[in-house]
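Participant: Pasting a structure here, questions to come.
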Amino acid sequence: MFMNQKVYENYAKLAVKIGINLQEGQDVMITASTRVGEFVKEIVKVCYENKARSVRVEWTNEEIEKLRWLNEDVDVMSEVLTWQEEKAKHQAETLPCKIFVDDADPEAYAGVDVSKMAAVRKARFSVLKKYRDMEDNKNQWLIVAVPSPNWAKKVFPELETEEAVAKLWDAIIKTMRLDADDPVQAWENHIANLNDKSTKLNDMNLDYLTYKAANGTDLTVKLQPNHIWLSARETNLKGIDFTANMPTEEVFTMPKRDGVNGVVMSTKPLSLHGQLVENFKVTFKDGKAVEVTAEKGVDVLENMLNMDESSRYLGEVALVPFDSPINETGLLFSNTLFDENACCHLAFGFAFKSNIKGYENMTEEDFKEVGYNDSVNHVDFMIGSEDLEIIGYDFDGNAHKIFENGVWAI
């Protein structure tokens, strides 16, 4: 037994029971860095206790990957080898549950040519996209996070490494409700509360939202006419519930692709491809991000937006109260999984098909007809503030106050 053994056990149970909601006989694929072997071992153990058919682990290492980025040619890194494509095809056909364990250094790839990263990602995606589409909304998946020394030092730069890691663990334990007497039941209660918010929003049948804040945010977002609000617990096309992000505090839906106009200000830094973008402003016209400025990392942001035409359009609108447990820690996690659940956010790039009513009966042509935004990217960025006001307008022109002073008003 070691210091975090009990935490690992409870955390692994949450990942398997609440996160992927593993069903007897299913396969599991875990992707994690070489630093987090003890936690991964606990997840594997819980998967088998819950009757997984098989569990496979794919290990990653940022330092080795950075060496590849710095030394290999674009053409070499862009290659999708036969075995890699066959693996993607196999996963799309067999649909294993997927768990991604994130302990990334927020600036792991600082110094890497961002245009090179964009070119490689775009080239590989052109080959592998069909397999992503094949498994879309059919499997269960989850992202969770554990501290690494570099990540912890980014959050607590004034502390020695060991103490920084311990402090980051404390924050994750709190925001993951691992300090509850029964963490699984605590998550069931939390999910029920978020479902209540999504039900109220769906009952309003909203046409568009307006966002206003003293920092300069003045944005109008039309919603997909046949949208549906979802929250923590989703149901895939096989009828199995799962919770894709842990922690999660959001209720989210799909914007109308060409219906976003105005200006929005970021309120937290964005970690993008291992590099930070800070204090940025985005101007939208007819749905498209036509101008971006930033105090730091604007080239990283521009490269992402230029990867394809749809990256400049929004795929997600997410509502998160400014008094969320994550924001109440007072920490900047420099990790999108946590920071996006600290306050309201939007996302550039692809939308979630499940945010359209009746999506399970729609063809690809149907999605094109309704203006579904498809892209190589899905990049969340945070816009919530303590004075953010959001008003929703239904199709009869009635106003509904959704957020006031940064928190729920419904």
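Participant: Using the structure shown, decide if residue 348 is touching a Cys at 6+ places or on another chain (Cβ under 7 Å) and of a type outside the set (A, V, I, L, M).
Facilitator: No.
Participant: Next question. What's the total number of residues in segment 381-404 that are in a loop (DSSP other than H, G, I, E, B), among the aliphatic types (A, V, I, L, M) and surrounded by fewer than 20 Cβ atoms within 10 Å (Cβ to Cβ)?
Facilitator: Number satisfying all stated conditions: 0.
Participant: Let me ask you something else. Of all the residues that make up segment 80-104, how many are of a type in the set (D, E, K, R) and in a loop (DSSP other than H, G, I, E, B)?
Facilitator: The total comes to 1.
Participant: Can I ask one more? For segment 231-276, give me the residue count where each residue is assigned to a strand (DSSP E or B), under 16 Å from the mean Cα position of the chain (by Cα) and more than 29 Å from residue 292 (Cα to Cα).
Facilitator: 4
Participant: A follow-up question, please. I need the full set of residues from segment 330-348 which are under 11 Å from the mean Cα position of the chain (by Cα) and either of a type in the set (A, V, I, L, M) or at positive phi (or both), in order please.
Facilitator: Across segment 330-348, the qualifying residues are 337, 346, 347.
Residues checked against (1) in the same structural domain as residue 19 (by TED's automatic domain parsing); (2) free of Cβ contacts under 8 Å to residues at least 24 places away in the same chain; (3) crowded, with 16+ Cβ neighbours inside 10 Å:
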site	(1), (2), (3)
145	yes, no, yes
151	yes, no, yes
155	yes, no, yes
160	yes, yes, no
171	yes, no, yes
181	no, yes, no
184	no, no, no
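Participant: Got at least one residue in segment 49-63 being loosely packed, with under 12 Cβ neighbours inside 10 Å and touching a helix residue (DSSP H, G or I) at 6+ places or on another chain (Cβ under 9 Å)?
Facilitator: yes
Participant: To continue, here is another question. Residue check, residue 322 against (1) over 18 Å from residue 243 (Cα atoms); (2) touching a helix residue (DSSP H, G or I) at 6+ places or on another chain (Cβ under 9 Å), all met but one. Which one?
Facilitator: Just one mismatch for residue 322, condition (2).
Participant: Within segment 289-328, count every residue that is of a type outside the set (A, V, I, L, M, F, W, C), farther than 20 Å from residue 119 by Cβ and touching a Phe, Trp or Tyr at 6+ places or on another chain (Cβ under 6 Å).
Facilitator: 3
Participant: For segment 84-109, give me each residue that is over 25 Å from residue 37 (Cα atoms) and either touching a residue at least 40 places away in the same chain (Cβ under 8 Å) or among the hydroxyl-bearing types (Ser, Thr, Tyr) (or both).
Facilitator: Of everything in segment 84-109, those that are over 25 Å from residue 37 (Cα atoms) and either touching a residue at least 40 places away in the same chain (Cβ under 8 Å) or among the hydroxyl-bearing types (Ser, Thr, Tyr) (or both) turn out to be 85, 89, 92, 93, 94.
Participant: Filtering segment 154-195 down to residues that are closer than 13 Å to residue 333 by Cβ and among the basic types (Lys, Arg), which residue is farthest from the chain's Cα centre (by Cα)?
Facilitator: Taking the candidates together, the pick is 167.
Participant: Tell me which residues, restricted to segment 352-380, are of a type in the set (S, T, N, Q) and either part of a loop (DSSP other than H, G, I, E, B) or touching a Phe, Trp or Tyr at 6+ places or on another chain (Cβ under 9 Å) (or both).
Facilitator: 355, 363, 373, 375, 377
Participant: Ok, one more. Would you list the helices (runs of 4 or more DSSP H) that sit entirely within segment 297-351 and hold 1 or more residues that are over 20 Å from residue 283 (Cβ atoms) and among the β-branched types (Val, Ile, Thr)?
Facilitator: Because the criterion is at least 1 residues that are over 20 Å from residue 283 (Cβ atoms) and among the β-branched types (Val, Ile, Thr), the helices (runs of 4 or more DSSP H) in segment 297-351 that meet it are 325-328, 336-339.
Participant: Take the residues in segment 293-302 that are without any contact (Cβ under 8 Å) to a residue 60 or more places away in the chain and surrounded by 18 or more Cβ atoms within 10 Å (Cβ to Cβ), then tell me which one is farthest from residue 69 (Cα to Cα).
Facilitator: Restricting to residues being without any contact (Cβ under 8 Å) to a residue 60 or more places away in the chain and surrounded by 18 or more Cβ atoms within 10 Å (Cβ to Cβ), the top hit is 294.
Participant: Right, something else. Could we say that residue 127 is β-branched (Val, Ile, Thr), touching a Ser or Thr at 6+ places or on another chain (Cβ under 6 Å) and either in a loop (DSSP other than H, G, I, E, B) or touching a residue at least 24 places away in the same chain (Cβ under 8 Å) (or both) here?
Facilitator: So residue 127 does not fit the description; no.
Participant: Working only within segment 328-361, note down all residues that are more than 16 Å from residue 377 (Cβ to Cβ) and without any contact (Cβ under 8 Å) to a residue 40 or more places away in the chain.
Facilitator: Passing the criteria: 328, 330, 361.
The values are calculated or read from the model by the stated rules, or taken from the named source; none is laboratory data. Small disclaimer: the values here were computed from a predicted structure and weren't measured. Positions of Cβ are backbone-derived with ideal geometry, glycine not excepted, and every protein chain shown enters the neighbour counts.
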